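Participant: Have a look at the structure that comes next, please.
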Amino acid sequence: MEIKLIENLSNDEYHQGKEYKDYWSSSNIKEYLNSPREAYYQKFVAEHKSSIDMDFGSALHDFMSSKHIKGQPFTWNIFEPPINPTTREYYGKATKAYADAYSKIENPISVNDMQSIHDIWNMMLKSDYCWYIQKEILKKGLSEPSVLIDGIHKYKYRPDVVTDKYIFDYKTINKAYWDANKLNYRIIDYAYDISAAMYQYFEHQRTGIWKPFIIIWIMKEPPYDILVSDISQYCFENIGNGEVVVNSGANVFLKLKDQHEACQVANNWPGLANQFDAYNGIRIPKFSPRFERGYDMFEIDIDNF
């Protein structure tokens with residue numbers, strides 16, 4: 001197995017480049033949670049379209065990378081939405097007119113989104129984490145390196161920032177989810193722990209170090225906010241003296257990795273039926289009701305009849 005790190009590879013080349021199409025990312029691997037059939041379909045068949053919300057996240061990541069000591073330039077272009085001739089107001093993000101105009105500009109970003117990014121950056125500089133961001137994240141390690149694992153099975157991952165000791169990942173969150181419990185649930189709902197475990201696993205293969213996985217949560221709406229959390233208790237957790245705890249996300253990642261490699265060796269990506277045992281040559285699940293179906297009778301006073 002050979003592990004290669006590439007600096008300054010563009011997002012488009014990493015995700016869409018023909019040279020890297022056979023490498024499986026954490027997003028690809030997580031599709032096995034649905035079924036191997038779905039994982040293969042999403043990897044090689046399905047059409048992938050970017051959304052405007054995803055573009056904002058990409059722009060913020062690129063902005064943060066541009067602030068890094070080894071970062072890349074920020075090359076997004078201001079986009080002015082078209083004006084609705086009837087209302088004389090800008091078309092909204094959900095309209096076809098907005099999407100059509102948006103698609104004609106290279107790396108487009110709206111005035112409002114650019115302002116939001118600068119507001120987020122100013123918030124970060126004024127936060128209690130300012131010294132930590134400057135010292136531990138922006139001035140150390142690499143920003144968005146692409147790591148390729150070559151062997152019988154090919155994998156790839158692209159951490160937002162990796163240092164000699166840590167892996168950092170930026171996550172933008174709407175205000176509606178800005179709550180400690182909701183952020184906690186979001187780790188599971190979006191399988192961040194599985195992605196984190198994959199990054200940790202291959203970083204250990206590359207460097208020999210089990211690195212804590214640190215999420216930089218950023219609330220992307222006013223008044224903006226930031227929270228830094230170590231989620232290693234969900235994935236691989238280095239507890240010292242050479243001992244590493246394989247927590248839930250890491251355990252699932254290892255199972256998904258095994259599933260993926262078995263499918264590749266067999267060149268077979270089965271559907272949901274293969275989760276169930278075969279009887280007389282056919283796979284028929286026997287579902288059990290989670291709750292008893294009940295009905296409470298209404299009392300009737302028959303003396304009135």
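Participant: Give THR95, THR86 a once-over and let me know the one that is surrounded by 13 or more Cβ atoms within 10 Å (Cβ to Cβ) and of a type outside the set (D, E, K, R).
Facilitator: The match here is THR95.
Participant: Select from segment 152-174 the residues that are under 13 Å from the mean Cα position of the chain (by Cα), farther than 18 Å from ILE29 by Cβ and not acidic (Asp, Glu) and list them in ascending order.
Facilitator: Correct list: PHE168, TYR170, LYS171, THR172, ILE173.
Participant: Report, by residue number, each residue of segment 282-305 that is loosely packed, with under 10 Cβ neighbours inside 10 Å, of a type outside the set (S, T, N, Q) and under 26 Å from PRO270 (Cα atoms). Break it down into steps so the answer makes sense when it comes.
Facilitator: Pass one, segment 282-305, residues loosely packed, with under 10 Cβ neighbours inside 10 Å: 282, 286-305.
Subsequent filtering for residues that are of a type outside the set (S, T, N, Q) retains 282, 286-287, 289-303, 305.
Result: ILE282, LYS286, PHE287, PRO289.
Participant: Out of all the residues in segment 127-140, is one or more in contact with a Pro (Cβ under 9 Å, 6 or more places away or on another chain), within 28 Å of LEU5 (Cβ to Cβ) and not basic (Lys, Arg)?
Facilitator: Among the residues of segment 127-140, not one is in contact with a Pro (Cβ under 9 Å, 6 or more places away or on another chain), within 28 Å of LEU5 (Cβ to Cβ) and not basic (Lys, Arg), which makes the answer no.
Participant: Test each condition in (1) in contact with a strand residue (DSSP E or B) (Cβ under 7 Å, 6 or more places away or on another chain); (2) at pLDDT 95 or above for HIS153 and report the one that comes out false.
Facilitator: With respect to (1) in contact with a strand residue (DSSP E or B) (Cβ under 7 Å, 6 or more places away or on another chain); (2) at pLDDT 95 or above, HIS153 is out only on (1).
Participant: Any residue at all in segment 69-77 that's modelled with pLDDT of 90 or more, in contact with a strand residue (DSSP E or B) (Cβ under 7 Å, 6 or more places away or on another chain) and surrounded by fewer than 16 Cβ atoms within 10 Å (Cβ to Cβ)?
Facilitator: Looking for residues that are modelled with pLDDT of 90 or more, in contact with a strand residue (DSSP E or B) (Cβ under 7 Å, 6 or more places away or on another chain) and surrounded by fewer than 16 Cβ atoms within 10 Å (Cβ to Cβ), one finds at least one in segment 69-77, hence yes.
Participant: Turning to a different aspect of this structure: Among (1) surrounded by fewer than 17 Cβ atoms within 10 Å (Cβ to Cβ); (2) within 23 Å of TYR199 (Cβ to Cβ), there is one condition LYS18 misses while meeting the rest; what is its number?
Facilitator: Exception for LYS18: condition (2).
Participant: Next up: Could you look through segment 186-231, keep only residues that are closer than 30 Å to MET1 by Cβ and charged (D, E, K, R), and pick out the one that is surrounded by the fewest Cβ atoms within 10 Å (Cβ to Cβ)?
Facilitator: Selected residue: ASP230.
Participant: Using beta carbons and a limit of 8 Å, which pairs, at least six apart or on different chains, have the first residue in segment 2-22 and at pLDDT 90 or above and the second one loosely packed, with under 13 Cβ neighbours inside 10 Å and not aromatic (Phe, Trp, Tyr)?
Facilitator: Between residues of segment 2-22 that are at pLDDT 90 or above and residues that are loosely packed, with under 13 Cβ neighbours inside 10 Å and not aromatic (Phe, Trp, Tyr), the close pairs are GLU2/GLY151.
Participant: Among the residues of segment 235-268, which ones are surrounded by fewer than 16 Cβ atoms within 10 Å (Cβ to Cβ), more than 17 Å from GLN200 (Cβ to Cβ), at pLDDT 95 or above and of a type in the set (S, T, N, Q)?
Facilitator: Hits for segment 235-268 are ASN267, ASN268.
Participant: Something else about it: Condition test on ASP113, is it touching a helix residue (DSSP H, G or I) at 6+ places or on another chain (Cβ under 7 Å), assigned to a helix (DSSP H, G or I) and within 30 Å of ILE216 (Cα to Cα)?
Facilitator: Answer is yes for this residue.
The values are calculated or read from the model by the stated rules, or taken from the named source; none is laboratory data. Computed from a predicted structure; not experimentally measured. Here the Cβ is made from the backbone with ideal geometry for all residues, glycine too, and neighbour counts use every protein chain on show.
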